[in-house]
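The values are calculated or read from the model by the stated rules, or taken from the named source; none is laboratory data. This structure is a prediction, so every number in the text was calculated from the model and none was measured. We place every Cβ from the backbone using ideal geometry, glycine too, and count neighbours over all the protein chains shown. The accessibility values were calculated without ligands, DNA or RNA, using every heavy atom of the protein model including side chains. Shrake-Rupley method; radii C 1.70, N 1.55, O 1.52, S 1.80 Å.
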Amino acid sequence: MNYISTRNKSLNFDFSSIFLRGLAPDGGLFLPSEIKKFSENELNELSKLNYIDLGVEIISEFCVPALNKNKIKLILDEAYSSFDTKNIVEIKKIDNINLLELYHGPTLAFKDIAMQVIGLMYEALNLNKKKINIIVATSGDTGSAAIAALKEKKNINLFVLHPHEKISNIQRKIMTTCDSNNIYNIAVKGNFDDCQKIVKQMFSDEQFREKINMSGVNSINWARIICQVVYYFYAYFQMTSKLNFSVPTGNFGDVYAGYIAKKMGLPIDKLIVATNENDILCRVINSGEYRPSEVKPSLSPSMDIQVASNFERLLFDVLNSDDQKVSKSMKDLNNNGFFKLENDELKKIRENFSAEKINDADTLRIIKDFFINYGFILDPHTATAVGASYKVKNNSKTIVLGTAHPYKFLETIKLAIGKNVDPPKQFSNLSKKIEKFEIVDNKLDDIKKYIIEKIK
Ligand SMILES: *Cc1c(COP(=O)(O)O)cnc(C)c1O
């Protein structure tokens, strides 16, 4: 399988290279040059498989020959052995909501589903055993999932940049109480967009990237996306009617994986983009103007993002794979603070996506109502997707993606229902553990210096 960049179609990388690099050298995102579309017969065959065998069929479409099906099967078996449910994910029917619980992994958020796999892919693909330094920006959940997947791994250091005081206490504790000595937690005095920008700038600095043999596991890494495509298929096969998926959205990685599932032939009606008050994606889908504004802290911190990186991948598609146009849009964004879509481009987006904003007051109300009516506690991110699903009216059933366990957002749950959530067994002694992280200014050079010093 060959990969190109959204900003340069003539680029030609294999899966190993794009996996280890993360971001394309021109600052664009990697995409496969073609995407397999399953026929109805093939879908029928896939529908008979269990989660892991289904994963093997889907993931191998993107990484053969670097990883063959046998190897992928071994990776998935090991990756998901720590999950607390046999099927990896669970679907719960609660009144007329179909909730796809994606938080049965070691850090209680959907990020584990891809990250556990990625951790093992590094071992399988880093053939020269050179030390890899992975830099990741997190809005709260990616960091802990990456730590769980990469701690104690030989030949890997992991640097996690989180926005200082802008994630939940439990999210921070899960990350900073890991005592593996290849893990470095950095609290950046800024917001998630600042953290992500620093990581992208490091990637674009070829000299620095080479010097530290840098890699990345944010959802700009295509491997994240392909692991997430699997649960869209799995959920569809449990329901077997045309579906909407309502997805709590920040960096546009998870819902974009749904779009790839649709391109691969899955009969998806609407992909519902649920946002909090950081509603850039709502605004672009409803008005055609992509214009990031200031990040506002909200009750769903993992979605407090204004620059949704993976949108560039969708843009490449709606601009008919015109890499020059993508480059120009990204330049406009950089220079003028926005770019605008034409009507026919916007139409293509709206055929596949709709978008709804759910503010904090609504989020609290949804959590409370859901608890009173069904005795079920939603985390605040999932609650936005529940709220968004109520607003979309068509003839398809809707699956709501449950992206995190409510325990990670204790304070918010207490605010909503006046009760604590009991810690799941993974985290019963979290409060007694010692935290370790360093607070660093929001300055690229300071953070580069910090990293260089640590890896000496
Ligand atoms: C990361 C995250 C999201 C947003 O996912 P994206 O792929 O960034 O759009 C939503 N909910 C939770 C709990 C998350 O951790």
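Here are some notes:
- Residue check, Phe203 within 12 Å of the ligand (Cβ to nearest atom) and closer than 20 Å to Glu312 by Cβ: no
- Set side by side, the residues Leu333, Leu341 differ, and just one is among the aliphatic types (A, V, I, L, M) and either within 16 Å of the ligand (Cβ to nearest atom) or open to solvent by 20 Å² or more (accessible area, probe 1.4 Å) (or both), which is Leu333.
- For the stretch 406-425, the count of residues that are open to solvent by less than 10 Å² (accessible area, probe 1.4 Å) and out of contact with any helix residue (DSSP H, G or I) (no Cβ under 9 Å at 6 or more places or on another chain) is zero.
- Taking every residue in the stretch 281-303 that is under 25 Å from His164 (Cα atoms) and of a type in the set (Lys, Arg) and pairing it with any residue that is within 15 Å of the ligand (Cβ to nearest atom) and not in a helix (DSSP H, G or I), at least 6 positions away or on another chain, the pairs with Cβ-Cβ distances below 8 Å are Lys296/Glu277; Lys296/Asn278; Lys296/Asp304.
Yes/no per residue for (1) closer than 27 Å to Glu411 by Cβ; (2) modelled with pLDDT under 95; (3) away from the ligand (no atom under 16 Å from the Cβ); (4) hydroxyl-bearing (Ser, Thr, Tyr):
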{"position": "Asn218", "(1), (2), (3), (4)": "yes, yes, no, no"}
{"position": "Leu266", "(1), (2), (3), (4)": "no, no, yes, no"}
{"position": "Ser298", "(1), (2), (3), (4)": "yes, no, no, yes"}
{"position": "Val307", "(1), (2), (3), (4)": "yes, yes, no, no"}
{"position": "Arg313", "(1), (2), (3), (4)": "no, no, no, no"}
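- Among the residues of the stretch 72-80, some residue qualifies, meaning at least one is buried (at least 17 other Cβ atoms within 10 Å of the Cβ), closer than 22 Å to Lys37 by Cβ and free of Cβ contacts under 8 Å to residues at least 40 places away in the same chain.
- Restricting the stretch 19-53 to residues that are at pLDDT below 95 and part of a helix (DSSP H, G or I), the residue that is nearest to Lys197 (Cα to Cα): Arg21
- Taken together, the residues in the stretch 268-293 that are open to solvent by less than 10 Å² (accessible area, probe 1.4 Å), away from the ligand (no atom under 12 Å from the Cβ) and of a type in the set (Gly, Ala, Ser) amount to 1.
- Pair list, Cβ < 7 Å and 6+ apart or interchain, from the stretch 442-456 residues that are over 16 Å from Ala187 (Cβ atoms) and modelled with pLDDT under 95 to residues that are hydrophobic (A, V, I, L, M, F, W, C) and open to solvent by less than 60 Å² (accessible area, probe 1.4 Å): Ile455/Ile212
- When the stretch 186-197 is limited to residues that are over 18 Å from the mean Cα position of the chain (by Cα) and surrounded by fewer than 22 Cβ atoms within 10 Å (Cβ to Cβ), the one that is nearest to Lys131 (Cα to Cα) turns out to be Ala187.
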